[in-house]
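Q: Please read through the structure below; I'll follow up with questions.
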Amino acid sequence: MIPRALPILTLVLVLATSQTGCSRKAIVVKEGRIAAFKNPIDLDLTHRQWEAIKKGDDSVLESYNETVENVISQISYRLTKRPTAPITLRTLRGEFPLSIDTEGIETSSSVDRIIPVDAIRVKRGLRAETRVDGIGAPLVVRQRWTPRDPMIATTGLWYPVTAVLDLDSPLNPVIRFKDPTQVENTLFTLGETHFPLQADYTASIARDLYDRQSQFVNLSGLIKYEKFSKHMGLFRISAFDASKIPVVFVHGLKSTPNTWNNTLNEMMADPVVREKYEFWTFGYPTGAPLPFLAAKLRTEMEKMTRYRRGRGAANNRVTILAHSMGGLISKPLTQSSGYELWDKVFSVPPHQLNVSESDRKLLTKMFIFEPLPYIDRVVFMAVPHKGSPLSNQKTGYMAELIIQAPNHLVTLGKNLLSASTDQLTPVGKEVVGRVPTSVQQLNENSAAIELFSPLPLNPNVKYHSIMGNEKGPDRVANFESSDGVVEYVSAHIEGVESEKVIHGKHGVHFYPEAIEEIVRILNVNVGNPANRPLVALVAEEDNP
């Protein structure tokens, strides 16, 4: 007899060393001290620089920007040491009241921290720095969680801001905060000249994800559903903008929202992506059953849409970027099941099911659904539409021993199995009664794959596929390629608008070639097929 601990240990080792997860190194950010800048600024010199810049002289920008950063450090230091004191500007000519203009910063009332970018050092986790040179001092600000904006993480939301010191009236200085991702701030107009706002997008992404990465842990998030379920949800990771198109990132098995670190950072190098899109991540414990996770994602998407509409968003077109198993829980959002799935799982209609009303609603959401009308584009990345050979019967058995299914589903399944009347079909006993894990359901022959895979794609949605071939793209035509986890025959589906195969492994979204394809798709989505080139992407390391 094989000891029970042996398959558990084996599965832990397999999952810990396999490529099925899609996270990379954790982000490490070092936040330096903000200098008090006891030396006052030379107001007369800075005013002359301001006037020169208005005439188009960019030779003084560097010196001027350093002064603006000095002013921001003064403000930040004052807010830390004396948060209720009036804000003043220390100059060689004395102290002057400093006005702060936050027009265009929609969440300015809930900002509780302001840090110059130079005080943020990304030590690990991002391979490039995305920035734009221009006028002003780049900052990162933190919006704290409030009941008015509940769809950000409880740790808050960091996003980029640029500060400009307006000295049109030098004795009445004004510091103006601008959101460098808004289209009206693409160029800063000053007199008869135009300058781009200086901005650093990497610092805010790194600072934000650094705070949030403890919400899920790759392997523990797969195994321990109850521990991480409280963190499950859809959260915004960029400043709210009612005019922008939401992009929702959905990660895969044994992974976390941080898998998108480099993808998002390098996407932000494209001006169209910055100006036209708002970004969200769906985080979830990845061991739960696929239909259950799909229902949870659907609920979160509906909540996001209500939230955006309540804040004036007229355009709720949504693009989904989904990797691996994330594609399997995202695809049902765009499909119609009718009663086809329900009738294959249950032998009675919903109203005759002997469960509580809340359980009836949950099961109905899992197996009876229609397309969410606002999703108009989905990008599948290495998605095992037809399952994965790595999730074989032995792995599934071991997963059943170690992976924790949601307690509520386990109890519900037992109650359905022990009911006096047979409410489950044979398929239903496998899908609902035994409450299989996501690993078991990824098996090519699982009931979940056989149930959901045949549902047709919604013709009103534009689909795209990106997949990897670890042996090179030349074998794709023979349907023999694989990314090491998902075979091409499983990742390939008919009816997509485009398909891109790159030379790479399962984590295709890490590769620059795949990120360029995502950017191309997003450009096409807003009518910009030319796809302006990526800008200011520096300090790039080796490819994954």
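Quick note: the coordinates plus some simple rules give every number you see, no bench work behind them. Source: prediction; values computed, not measured. Please note: Cβ atoms are built from the backbone with ideal geometry, for glycine as well, and neighbour counts cover all protein chains shown.
Q: Of Lys178/Lys227; Lys361/Lys500; Lys303/Lys331; Lys123/Lys386; Lys123/Lys505; Lys227/Lys429, which ones are farther than 30 Å apart at the Cα?
A: Working: Lys178/Lys227 40 Å; Lys361/Lys500 39 Å; Lys303/Lys331 18 Å; Lys123/Lys386 39 Å; Lys123/Lys505 25 Å; Lys227/Lys429 27 Å.
From the list (Lys178/Lys227; Lys361/Lys500; Lys303/Lys331; Lys123/Lys386; Lys123/Lys505; Lys227/Lys429), the Cα-Cα distance tops 30 Å for Lys178/Lys227; Lys361/Lys500; Lys123/Lys386.
Q: Also, I was wondering about something else. Normalising by the residue count of the range 316-391, find the relative contact order in percent from Cα pairs under 8 Å and 6+ residues apart. Each step should come with its number before you reach the end.
A: Working: 87 pairs, mean separation 43.9, N = 76.
Result for the range 316-391 is 58 percent.
Q: Something else: All other residues with a Cβ under 15 Å from the Cβ of Lys55 taken together, and with Lys, Arg as +1 and Asp, Glu as -1, what is their net charge? Don't jump to the answer; show the numbers that get you there.
A: Working: positive: Arg48, Lys54; negative: Glu51, Asp57, Asp58, Asp168, Glu192.
My count for the surroundings of Lys55 gives -3.
Q: Still on this structure, please answer the following. If I take every Cα pair under 8 Å that is 6 or more residues apart in the range 32-204, average their sequence separation and divide by the length, what percent do I get for the relative contact order?
A: The normalised contact order for the range 32-204 reaches 26 percent.
Q: Same structure, new question: Determine, for each peptide in 433-439, 449-455, the mean count of other beta carbons within 10 angstrom over its residues, then list the peptides with the highest first.
A: The most tightly packed comes first, giving 433-439, 449-455.
Q: Same structure, new question: Straight-line reach from Lys55: which aspartates and glutamates fall under 15 Å, measuring Cα to Cα and dropping same-chain residues less than 8 apart?
A: Asp166, Asp168, Glu192
Q: I'd like to compare 369-376, 278-285: which one has the highest average count of other Cβ atoms within 10 Å, and what's the full order after that? It would help to have the intermediate numbers written out before the result.
A: On the way: 369-376: 17.9, 278-285: 24.1.
Highest to lowest by the protection proxy: 278-285, 369-376.
Q: OK, next. Could you check the spin-label model distance between Thr154 and Val28? Points 7 Å from the Cα along Cα→Cβ, value in nm.
A: 2.8
Q: Order 68-74, 85-91, 236-242 from most to least packed using the mean count of other Cβ atoms within 10 Å.
A: Working: 68-74: 22.9, 85-91: 15.3, 236-242: 21.3.
Sorting 68-74, 85-91, 236-242 by mean packing, highest first, produces 68-74, 236-242, 85-91.
Q: Would you order Thr299, Thr107 from fewest to most other beta-carbon atoms within 10 Å of each residue's own beta-carbon?
A: Thr299, Thr107
Q: May I ask you to compute the full-extension gain from Arg360 to Ser63, defined as 0.36 nm times their residue separation minus their alpha-carbon distance, rounded to one decimal in nm?
A: Taking Arg360 through Ser63 to full extension adds about 100.4 nm, to one decimal.
Q: I need the Kirkwood Rh of the range 223-538: take the reciprocal of the average 1/r across all distinct C-alpha pairs and report it in angstrom. Display every interim value, and only then the final one.
A: On the way: mean 1/r = 0.0495 Å⁻¹.
It works out to 20.2 Å.
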